[in-house]
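The values are calculated or read from the model by the stated rules, or taken from the named source; none is laboratory data. Keep in mind that what you see is a predicted model, and the values were worked out from it rather than measured. Methodologically, a virtual Cβ is constructed for each residue, glycine included, from the backbone with ideal geometry; neighbour enumeration extends over all protein chains shown.
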Amino acid sequence: MNATQSTSPSGPTSGDGRLARGLDTRARLLKAALRLFAEKGYAQTSTREICLAAGVNAASIHYYFGDKAGLYRAVYLAPIQQLMVAARAIAAAGDPFEATMRRTYEAFLAPLKESDTRAMQILKLHFREQADPTGLSGDEVVAVGRSHFEALVAMLVRELGLRAPDDDVRRLASSLIALAVDFLTSADWLRQMAPQLHAGAAAIDRMTERLTGYAVALVEHERSRRAAAAAGTGPAGGQA
């Protein structure tokens, strides 16, 4: 073998060909792993199955991801982290509330505009992880999710003219997130009940606009509730 050649799990290559083959092998592993993990779950999916489905040799997972757990983290964490980092940046940008929520919902619903199969696999895998945690996602998702939640709470404090957050602000922030999360995680079910809600990019854009309107209504309700409580004409609230 000369100095321009090297051996990888996919065989000897050189120069740009080696890089291209490596990227292709990695992408095929990610694609096959996403499908199998979503269909069968982490524990029930073997590395042999993944390599067979990807059309690569058995050493490839170790070469590119370390082990099966590393491959799962790459498949599961990357889309979630990208989404939450984008959402955190949007919430922390200081834009008006309505514009912030519109951009947030656009980010959350963007996967539904991707390849139908891939989007459903990502959502199914996310649902599996929530229902039957593998423990492999570590603290990364929790940390970035918490930072997004805190940025949203801070935005609501400003929007409502408060000095500090209370539990009703946190309830409101949770509800605003849940509007988009529920539409995402129930996508497979909704496509059976009301398929027109997912019928192409225009339908997703329409849902983004509706969710934005619902978010504005929720904030206005909280504003009115607090005003009534302060005037002594409504129930008090704010703490657990």
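For the reader, a short list of remarks on this structure follows.
- When the test is whether a residue is among the aliphatic types (A, V, I, L, M), more than 18 Å from His221 (Cβ to Cβ) and outside any helix (DSSP H, G or I), Ala164 passes it.
- Pairs with Cβ under 8 Å, 6+ apart, first in the range 88-100 and in contact (Cβ under 8 Å) with a residue 40 or more places away in the chain, second of a type in the set (Gly, Ala, Ser) and assigned to a loop (DSSP other than H, G, I, E, B): Thr100/Ala93
- The set of residues in the range 30-68 that are of a type outside the set (S, T, N, Q), on the phi < 0 side of the Ramachandran plot and in a loop (DSSP other than H, G, I, E, B) comprises Tyr42, Ala43, Val56, Ala58, Ala59, Asp67.
- Cβ-Cβ contacts under 7 Å between residues 6 or more apart (or on different chains), taken from a first residue in the range 73-86 that is without any contact (Cβ under 8 Å) to a residue 40 or more places away in the chain to a second residue that is assigned to a helix (DSSP H, G or I) and not polar (S, T, N, Q), are listed as Leu83/Ala107; Leu83/Phe108; Ala86/Ala107.
- Only one of Asp139, Asp167 that is in contact (Cβ under 8 Å) with a residue 24 or more places away in the chain and loosely packed, with under 15 Cβ neighbours inside 10 Å: Asp167
- First in the range 170-187 and within 16 Å of Glu150 (Cβ to Cβ), second anywhere and among the polar types (S, T, N, Q), Cβ under 9 Å, 6 or more apart: Leu176/Thr104; Ile177/Thr104
- Scanning the range 83-117 for residues that are over 21 Å from Asp205 (Cβ atoms), buried (at least 20 other Cβ atoms within 10 Å of the Cβ) and not basic (Lys, Arg) yields a single hit, Met84.
- Members of the range 144-164 found to be of a type in the set (A, V, I, L, M) and either at pLDDT below 75 or loosely packed, with under 12 Cβ neighbours inside 10 Å (or both), listed by number: Ala164
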